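Q: If you scroll down you'll find the structure; I have some questions about it.
Values quoted throughout were computed directly from the atomic coordinates according to the rules given, and no laboratory measurement underlies them. Predicted, not measured: the structure shown is a model, and the values here were computed from it. So basically every Cβ, Gly included, is an ideal-geometry build from the backbone, and we count neighbours across all protein chains shown.
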Amino acid sequence: MKTLKRICYIFTAIVLSIPSLVMANSGIILAPVGKKMHFQIEEITGETKIDFINNAGKVLYSERLVDVKHYAKKFDMTHLVEGAYYVRVEDVSKLKTYSLLLENDKLSIITVDEKVKPFFWKKGKKLYVNLLNLESAEVEIKVIDSNNRILFVERIDSSQVVEKAINFEKAYDDLYTVIVTVEGDTFSENVVIK
């Protein structure tokens, strides 16, 4: 019994010795240490975009990864001014934003926000949109043409699963953009009809 208690104490001491560690899912680890941040992703399938952004919205670092088994990056923030920063990780299905605060020569994670993105797929001249909307927030689906004319708008309330098929079979040759807005976040997909 004493051995088990010692193991628990040692494990707790190790975990508490790391100032802040976030594992947003099984593949992402974000660990600030002093004014440096260690960032790691395992098993990237498809395309993933990583942005490091300051409080003014300026992208300080950006990288696009495709089919990588292991990715690790160390961000040195010693030359940055104190304030808020964000790390945004976007893949085909999710958008995660880590809010960071650099203050008193220490970097800490304030919040982790995760949004589920709509899934778009094309079949012939139809575009299908699926969205898992667990909060049942209002969803707006809009179609615009290359002249920014609004051709279609639909607002869907109180639905946890949003499914929409948009038929472009009778559409004129043009570039169309389907815009999905949920809780202030906007996602889009282009459709070219020739």
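Q: 222 nm [θ] for the chain, helices only, -39500 (n - 2.57) per DSSP H run of 4+, per residue, to 500?
A: Calculated mean residue ellipticity at 222 nm is -2500 deg cm²/dmol.
Q: Just report the Cα centroid separation between the range 63-102 and the range 138-194, whole Å.
A: After rounding, the separation between the Cα centres reads 29 Å.
Q: Sticking with this structure for a sec: Mind ranking 63-76, 122-135 by how tightly packed they are, going by the mean number of other C-beta atoms within 10 angstrom, highest first?
A: Sorting 63-76, 122-135 by mean packing, highest first, produces 122-135, 63-76.
Q: I would also like to ask the following. Taking the Cβ-Cβ separation of residue 65 and residue 123 as r and a Förster radius of 25 Å, what is the calculated FRET efficiency to the nearest 0.05?
A: E(calc), rounded to 0.05, equals 0.35.
Q: Here are some values of semi-axes √(5λ) of the Cα gyration tensor in Å: (1) 41, 20, 16; (2) 33, 15, 14; (3) 54, 21, 13. Which one was computed from this structure?
A: Among (1) 41, 20, 16; (2) 33, 15, 14; (3) 54, 21, 13, the one derived from this structure is (1).
Q: Between residue 42 and residue 84, take the C-beta separation as r, use R0 = 35 Å, and let me know the FRET efficiency to the nearest 0.05.
A: The calculated FRET efficiency here is 0.80.
Q: Can you give the extra length, in nm with one decimal, that the chain gains between residue 148 and residue 108 once fully stretched, where that is 0.36 nm per residue apart less the Cα-Cα distance?
A: Difference between extended and current length: 10.2 nm.
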